[in-house]
């Protein structure tokens, strides 16, 4: 078995989720994601991406739609949304990297990802992407439960529902997660 190693993991950097990022946050997020991804690939470090996917073409996705200040639940056929689940590759070279599909919040719900972690003997995950308080939270929680350390690259992620500073305090205490800026990594 190889000696323990690190992994840089880009989570849910997909058009569907990027569209939920506030415009004032998007420019900084995109820049940090590009810097980390470029640096990681140039150094030859382990790099992978994980994404949400919905493979059943007959499935309807419940979508909340605002109509005159009323929330209306509407089913949207998957084929109308399929391209929104595509990865927004931060740089062209990233297209040659492993991409794992998941059907739940945590990357560990992907059997391919779990095999990859075991085969590469990953002991530390540097994680970034979308969203810190949803899928990244679930992934660092599962990593913690499996004895894998995690570091979140804080300027290369945003939260969806909770203030970022509150989430950072929460994750640091609960999962022993470290938080660094992209400038401290590259």
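Checked against (1) farther than 20 Å from residue 19 by Cβ; (2) at pLDDT 95 or above, residue 95 passes all but a single condition, namely (2). Among the candidates 157, 151, the residue that is touching a residue at least 12 places away in the same chain (Cβ under 8 Å) and surrounded by 22 or more Cβ atoms within 10 Å (Cβ to Cβ) is uniquely 157.
For the residues 77, 23, the requirement of being within 22 Å of the chain's Cα centre (by Cα) and either at pLDDT below 95 or within 23 Å of residue 131 (Cβ to Cβ) (or both) singles out 23.
Within region 95-128, the set of residues being under 27 Å from residue 31 (Cα atoms) and free of Cβ contacts under 8 Å to residues at least 12 places away in the same chain comprises 95, 96.
A quick yes/no check of all residues on (1) modelled with pLDDT of 90 or more; (2) surrounded by 19 or more Cβ atoms within 10 Å (Cβ to Cβ); (3) within 19 Å of residue 159 (Cβ to Cβ):
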site	(1), (2), (3)
19	no, no, yes
28	yes, no, yes
32	yes, yes, yes
35	yes, yes, no
42	yes, no, no
50	yes, yes, yes
57	no, no, no
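Evaluating residue 8 against the criteria (1) in contact with a helix residue (DSSP H, G or I) (Cβ under 6 Å, 6 or more places away or on another chain); (2) in a strand (DSSP E or B); (3) modelled with pLDDT under 95 leaves one unmet condition, (3).
The values are calculated or read from the model by the stated rules, or taken from the named source; none is laboratory data. Given the structure is predicted, the values throughout are model-derived calculations rather than measurements. All Cβ positions, even for glycine, are placed from backbone atoms using ideal geometry, and neighbour counts span all protein chains on display.
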